[in-house]
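Read-outs: derived from the displayed coordinates by stated rules, not from any lab. Since the structure is predicted, the reported quantities are computational estimates derived from the model, not experimental observations. Every residue, glycine among them, receives a Cβ derived from its backbone with ideal geometry; neighbour counts consider all protein chains shown.
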Amino acid sequence: MVEKYTPMRIVIETYGCAMNQADSEYIAGLLEEAGHVIVPADGDVIVVNTCTVKTPTEVKIRRMLKELEGAGKKAVVSGCLPAANPAIANDFPSFSFVGVNVQDVPAAVDAVMAGKRLVAISQSAGRSCLPKKRANSFIEIIPIAEGCLGQCAYCITRSARGKLRSYPMDEIVRQAREAADKGVKEIWLTAQDTGAYGLDVGTNLPKLITAVAAVPGDFMIRVGMTNPNHVLTFMDELIESYKNPKVYRFLHLPVQSGSDKVLKQMGRRYNADDFRRIADGFRKNLEGITISTDIIAGYPAESEDDLKATIKLIKETKPDIINISRYWARPGTPAAKIKQHPGSVIKQRSGRINDEFKKIALECNRRWLGWEGECTITERNADGSYTGRNYCYKPIILKSGKDLMGKTVSVKIKQASCYDLRGMLANG
């Protein structure tokens with residue numbers, strides 16, 4: 001058993017998705033409850049909360065750990081990287097390691113401060129009852145499930161997060177109510193795949209959205225990534241839940257490829273026409289909705305014709321946002337065993353997709369020129385400007401000498417880029 005150590009100053013470095021951001025907030029809450037102080041820099045201990053989705057991210061994390069080791073720093077490594085690859089603990093024998101079991105981070109911190117080491121890599125025990133410290137006081141990130149139901153040939157995350165384990169709806173609603181009572185302006189529902197929520201316990205995502213939207217308070221709900229195969233099973237019900245004025249008209253629907261051949265080899269459980277049907281259905285029923293998608297460029301099975309099918313799909317469906325990832329083989333995945341494309345080919349294909357995206361995104365955003373309406377400010381940017389979001393979750397950049405954080409303001413859109421809108425306060 002590790003003895004309790006003197007309270008220390010802790011820096012938390014976070015890599016990865018909204019789920020990881022939420023985990024870092026739980027880590028911060030647990031450490032503060034244990035008497036430690038969370039600081040932005042110059043800490044006694046650094047907690048590195050890792051991601052394992054992409055090879056470049058892992059390389060960056062390993063480089064950082066090497067630098068910390070060389071500088072004689074005390075560190076705790078948590079998150080998906082050790083959960084998916086526990087052997088990393090052998091590469092850094094002076095650091096403590098946990099996985100996605102964030103509840104063990106305080107004990108790991110105590111170990112390194114006592115000159116000892118704790119390696120306790122295990123599954124999560126759930127998060128709904130853990131203390132939490134929000135990174136942004138106006139945004140509440142609520143994990144609704146752990147793991148997924150997929151078996152994608154390229155993905156290593158399931159090795160870290162495991163099979164689907166949905167959190168009880170009443171606990172999620174309670175967390176939303178507590179956050180609303182504290183004045184948050186956005187509630188993010190997040191998971192590896194929000195569309196899988198409840199399928200292991202007899203409920204589903206639309207029912208959860210409706211329950212959270214019923215919580216009293218002045219906030220908006222952002223629904224996280226939802227795979228098309230799940231949307232197909234409850235599309236009408238999901239569209240109805242999105243009609244609630246408390247729900248951002250924002251659908252994150254990853255397609256990954258426009259080629260049915262590639263989708264099949266990826267282990268995805270839908271086809272390109274399914275994506276078209278869902279995008280069309282949401283746009284017909286929810287005017288102005290922002291559709292975000294993910295595409296993997298240079299998958300091993302992808303031919304030139306497959307790439308053209310992907311470009312054709314995005315030209316037809318015109319997603320507002322495309323998260324383009326260059327394919328990287330992850331150890332132990334089926335896709336890693338297939339003959340890989342040269343890096344130059346993957347880079348070139350990614351560039352071609354990005355060129356199409358920028359044209360489409362600019363076209364989508366120009367439709368908002370002249371729009372007047374409300375947006376809620378939740379971010380202050382490094383240059384002193386603010387970022388707000390309207391009802392379709394469009395990012396709107398504003399400049400003002402006033403303190404706008406947490407406020408809902410009336411704006412008029414004056415400019416558009418492929419990434420955001422630029423506005424001015426309607427009332428000056």
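Can you report the number of residues in region 181-200 which are in contact with a Leu (Cβ under 9 Å, 6 or more places away or on another chain) and within 20 Å of Lys246 (Cβ to Cβ)? Give the derivation first.
Within region 181-200, the first condition is being in contact with a Leu (Cβ under 9 Å, 6 or more places away or on another chain), and the residues that meet it are 189, 191-200.
When the remaining residues are screened for being within 20 Å of Lys246 (Cβ to Cβ), the result is 189, 191, 194-195, 197-198.
Summing the residues that are in contact with a Leu (Cβ under 9 Å, 6 or more places away or on another chain) and within 20 Å of Lys246 (Cβ to Cβ) in region 181-200 gives 6.
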Review point. Taking the stated definitions as given, is Asp294 acidic (Asp, Glu), under 24 Å from the mean Cα position of the chain (by Cα) and assigned to a helix (DSSP H, G or I)?
Key: no
Practice item. Just give me the residues in region 100-117 being in contact (Cβ under 8 Å) with a residue 40 or more places away in the chain and either in contact with a His (Cβ under 9 Å, 6 or more places away or on another chain) or more than 15 Å from Ala83 (Cβ to Cβ) (or both), in sequence order. Key: Pro106, Ala107, Val109, Asp110, Ala111, Val112, Met113, Ala114, Lys116
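Could you check how many residues of region 373-384 are over 24 Å from Gly288 (Cβ atoms) and not acidic (Asp, Glu)? Break it down stepwise before answering.
Initial filter on region 373-384 (over 24 Å from Gly288 (Cβ atoms)): 380-384.
Adding the requirement that they be not acidic (Asp, Glu) leaves 380-382, 384.
Going through region 373-384 one residue at a time, the tally reaches 4.
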Study note, to complete from the structure: Of (1) among the acidic types (Asp, Glu); (2) more than 24 Å from the chain's Cα centre (by Cα); (3) assigned to a strand (DSSP E or B), Glu302 satisfies every one except (3)
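Within region 218-272, track down each residue that is more than 23 Å from Gly298 (Cβ to Cβ) and of a type in the set (D, E, K, R). It would help to see each step written out before you state the result.
We begin by selecting, within region 218-272, every residue more than 23 Å from Gly298 (Cβ to Cβ); these are 218-224, 226, 229-251.
If the condition is that a residue be more than 23 Å from Gly298 (Cβ to Cβ) and of a type in the set (D, E, K, R), then Asp218, Arg222, Asp236, Glu237, Glu240, Lys243, Lys246, Arg249 are the ones that fit.
Can you list the helices (runs of 4 or more DSSP H) found entirely within region 145-264 that contain at least 1 residues being touching a residue at least 24 places away in the same chain (Cβ under 8 Å), farther than 29 Å from Ile324 by Cα and under 18 Å from the mean Cα position of the chain (by Cα)? If you could, list the steps in order and put the result at the bottom.
Details: elements: 157-161, 169-181, 205-213, 228-231, 235-242.
Helices (runs of 4 or more DSSP H) meeting the threshold: 169-181.
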Exercise for review: Any chance you could count how many residues in region 378-428 are in contact (Cβ under 8 Å) with a residue 60 or more places away in the chain, within 14 Å of Glu186 (Cα to Cα) and in contact with a Leu (Cβ under 7 Å, 6 or more places away or on another chain)?
Suggested key: 1
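What helices (runs of 4 or more DSSP H) lie completely within region 29-134 and have 1 or more residues being surrounded by fewer than 19 Cβ atoms within 10 Å (Cβ to Cβ) and among the basic types (Lys, Arg)?
Counting at least 1 such residues, we get 55-70.
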Exercise for review: Tell me which residues, restricted to region 191-225, are of a type outside the set (A, V, I, L, M, F, W, C) and farther than 30 Å from Val409 by Cβ.
Suggested key: Gln192, Asp193, Gly195, Tyr197, Gly198, Asp200, Gly202, Thr203, Asn204, Pro206, Lys207
